[in-house]
Amino acid sequence: GELSQQMARDGEGHFIEEGFWQDCEGLYDNLEAEFPFLKTKALRPKPMLYSKFMSLIGFTGFYFPFTGEANVNADFPPALQPETVSHELAHQRRVASEAEANFVGIAAAISSDKPVYQYSAYLSGLTHLSNALYKADREAWAAISETLAPEIRIDWNDNSRYWAQFESPVETVATTVYDSYLKHNDQELGIKSYGACVDLLVEYYKDKI
């Protein structure tokens with residue numbers, strides 16, 4: 001709750017932080033100290049000019065392995081963009097699996113000294129965990145959701161409303177194609193690998209709380 005109130009917001013409470021694009025250097029320093037194999041010379045992520053098209057096909061970011069570029073959709077609500085930056089930087093560190101990149105991106109941002117990345121990662125982690133909880137126990141999910149700070153609710157709702165407008169056959173086809181791509185690259189879970197992030201988050205943080 002406290003981090004959500006530290007973020008720059010407009011008069012209606014919507015997240016408007018922008019400086020994170022230029023403030024990703026050293027984002028992985030603390031996590032690299034714990035896991036030295038993650039160390040690498042990372043390239044600065046790029047906001048994409050065709051971000052609206054990326055949203056149309058359901059992508060928040062894309063790592064291009066031939067150049068090492070981390071390309072990030074800059075059109076969707078910005079509260080989750082810093083975590084997406086961190087996710088794509090995980091791919092630069094040879095973390096290929098989407099589940100593992102989700103986990104590493106969240107862990108790096110939370111352990112960093114950058115509040116905007118911390119908040120975005122907590123929001124992303126909350127989304128992963130709440131989606132899993134909603135499927136398992138809707139009453140527990142409803143009870144927890146009522147305790148969330150108003151700013152978190154605004155950011156969550158902004159993100160949900162944004163993506164709802166792109167639910168279309170185009171996105172379905174793109175998701176099917178990407179699912180095939182993931183499986184072709186030895187990620188047996190395909191799109192479901194994104195959900196496997198929950199197990200990694202629970203296992204890593206259960207002794208840290």
Check: With A149, A143 as the choices, which residue is among the aliphatic types (A, V, I, L, M), surrounded by fewer than 20 Cβ atoms within 10 Å (Cβ to Cβ), over 19 Å from Y205 (Cα atoms) and out of contact with any helix residue (DSSP H, G or I) (no Cβ under 6 Å at 6 or more places or on another chain)?
Finding: A143
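Within the group G58, G26, G13, G1, which residue is open to solvent by less than 20 Å² (accessible area, probe 1.4 Å) and touching a residue at least 12 places away in the same chain (Cβ under 8 Å)?
Among G58, G26, G13, G1, only G13 is open to solvent by less than 20 Å² (accessible area, probe 1.4 Å) and touching a residue at least 12 places away in the same chain (Cβ under 8 Å).
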Margin query: Checking L43 against (1) open to solvent by 80 Å² or more (accessible area, probe 1.4 Å); (2) within 27 Å of F166 (Cβ to Cβ): exactly one of these is not met. Which one?
Written below: (2)
Margin query: Let me spell it out: the conditions are (1) touching a helix residue (DSSP H, G or I) at 6+ places or on another chain (Cβ under 6 Å); (2) in a helix (DSSP H, G or I); (3) among the small types (G, A, S); (4) under 23 Å from D155 (Cα atoms), and A90 meets all of them except one. Which number is the exception?
Written below: (4)
Checklist line | Complete set of residues in the range 127-150 that are under 19 Å from I106 (Cβ atoms) and in a helix (DSSP H, G or I) | finding: T127, H128, L129, S130, N131, A132, L133, Y134, I144
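Per-residue answers, yes or no, for (1) out of contact with any Cys (no Cβ under 7 Å at 6 or more places or on another chain); (2) of a type outside the set (A, V, I, L, M, F, W, C); (3) within 22 Å of Y122 (Cα to Cα); (4) part of a helix (DSSP H, G or I):
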site: L27; (1), (2), (3), (4): yes, no, yes, no
site: T40; (1), (2), (3), (4): yes, yes, no, no
site: F62; (1), (2), (3), (4): yes, no, yes, no
site: L80; (1), (2), (3), (4): yes, no, yes, yes
site: V85; (1), (2), (3), (4): no, no, yes, yes
Check: Any residue in the range 83-104 that is more than 11 Å from the chain's Cα centre (by Cα), open to solvent by 60 Å² or more (accessible area, probe 1.4 Å), over 22 Å from L201 (Cα atoms) and not acidic (D, E)?
Finding: no
Margin query: Condition first: part of a helix (DSSP H, G or I) and either small (G, A, S) or crowded, with 21+ Cβ neighbours inside 10 Å (or both). Now tell me which residues in the range 111-124 satisfy that.
Written below: S111, V116, Y117, Y119, S120, A121, L123, S124
Margin query: Quick check on the range 94-107. Is at least one of its residues under 24 Å from N157 (Cα atoms) and either touching a Pro at 6+ places or on another chain (Cβ under 7 Å) or not in a helix (DSSP H, G or I) (or both)?
Written below: no
Next item on the list: Spot the failing condition for A108; the list is (1) crowded, with 20+ Cβ neighbours inside 10 Å; (2) at pLDDT below 90, and only one is missed.
Entry: (2)
Check: Which condition number in (1) touching an Asp or Glu at 6+ places or on another chain (Cβ under 9 Å); (2) open to solvent by 10 Å² or more (accessible area, probe 1.4 Å) is the one that L38 fails?
Finding: (2)
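The values are calculated or read from the model by the stated rules, or taken from the named source; none is laboratory data. Just so it is clear, the model here is predicted, and its values are computed rather than measured. In this analysis, Cβ positions are derived from the backbone assuming ideal geometry, glycine residues included, and neighbour counts consider all displayed protein chains. Areas reflect the complete protein model, heavy atoms only, side chains present, ligands, DNA and RNA absent. Shrake-Rupley method; radii C 1.70, N 1.55, O 1.52, S 1.80 Å.
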